[in-house]
Amino acid sequence: IVHRLDRDTEGLLLIAKTDKAHRHLAAQIKAHTARRTYRAIVFGNPPKDRGTVNAPLKIDHRLKRIAVNPTGRHAVTHYRVLERFDGKAALVECDLETGRQHQIRAHMRHINHPLLGDPVYGRGFHHPFSLPPTKGQALQAYKLQFAHPITEKVTTVQVPEAGYMKATLEALRNQTKSSSSGSKRRFTTRT
């Protein structure tokens, strides 16, 4: 396994077949030349369509989670709003410039938009929607881009919405269909 996903995160995982391929791919992850894109459903209505959270992360033993801390490790998350749901939730795409533990979850909590269903970073946030049962945060490893370990050709793989993410997005779309179009904006994504 070349990189990890948080528990209960859905989506792509990069696995190498040989030690040589593993070393090559792991070096790309470490050098931040492999691109990892995630999709998340967050509470609230982010004020900007695009943003960057550049905030160091460190474990907070008192809170028992990762938190922004000036003495923490450098961490940068770029996000883009793809769809808004009546100002109460939004689908965002997150690109990791760094890859810290719980980075997206901690950064989105830091800007006051934690992920739906997140039992650790979403405490204290409640949504007005009727959603499918969850076993974790609404986060999907959506796309990976890396240099192939043998051919060096840039390779991109992505998965469609599936599982909890798909069910949650369908529920949100159905429950906000009759809402005024001014409060719900939909963006198309380019891949």
Residue tally, condition part of a loop (DSSP other than H, G, I, E, B) and either touching a Cys at 6+ places or on another chain (Cβ under 8 Å) or under 26 Å from residue 92 (Cβ atoms) (or both), over region 2-49: 20
Scope region 31-81; condition of a type in the set (Gly, Ala, Ser) and without any contact (Cβ under 8 Å) to a residue 12 or more places away in the chain; matching residues: 31
Criterion violated by residue 27 - all others in (1) over 20 Å from the mean Cα position of the chain (by Cα); (2) without any contact (Cβ under 8 Å) to a residue 24 or more places away in the chain; (3) open to solvent by 70 Å² or more (accessible area, probe 1.4 Å) satisfied: (3)
Residue that is surrounded by the fewest Cβ atoms within 10 Å (Cβ to Cβ), among those in region 73-91 that are modelled with pLDDT of 95 or more and assigned to a loop (DSSP other than H, G, I, E, B): 74
Filter result for residue 149 (over 16 Å from the mean Cα position of the chain (by Cα), farther than 22 Å from residue 165 by Cβ, in a loop (DSSP other than H, G, I, E, B) and modelled with pLDDT of 95 or more): no
Residues of region 120-140 satisfying the condition of being touching a Ser or Thr at 6+ places or on another chain (Cβ under 6 Å) and modelled with pLDDT of 85 or more: 138, 139
Verdict on residue 11 being open to solvent by 40 Å² or more (accessible area, probe 1.4 Å), among the small types (Gly, Ala, Ser) and within 26 Å of residue 127 (Cα to Cα): yes
Selection count, region 112-161, where residues are open to solvent by less than 50 Å² (accessible area, probe 1.4 Å), among the β-branched types (Val, Ile, Thr) and in contact (Cβ under 8 Å) with a residue 40 or more places away in the chain: 2
Residue check, residue 40 of a type outside the set (Lys, Arg), open to solvent by 60 Å² or more (accessible area, probe 1.4 Å) and either at pLDDT below 90 or within 26 Å of residue 134 (Cβ to Cβ) (or both): no
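The values are calculated or read from the model by the stated rules, or taken from the named source; none is laboratory data. These numbers come from a predicted model, not from an experiment. Note that we place each Cβ from the backbone using ideal geometry, even for glycine, and neighbour counts take in every protein chain shown. Just the protein is used for accessible areas: all its heavy atoms, side chains included, with ligands, DNA and RNA removed. Shrake-Rupley method; radii C 1.70, N 1.55, O 1.52, S 1.80 Å.
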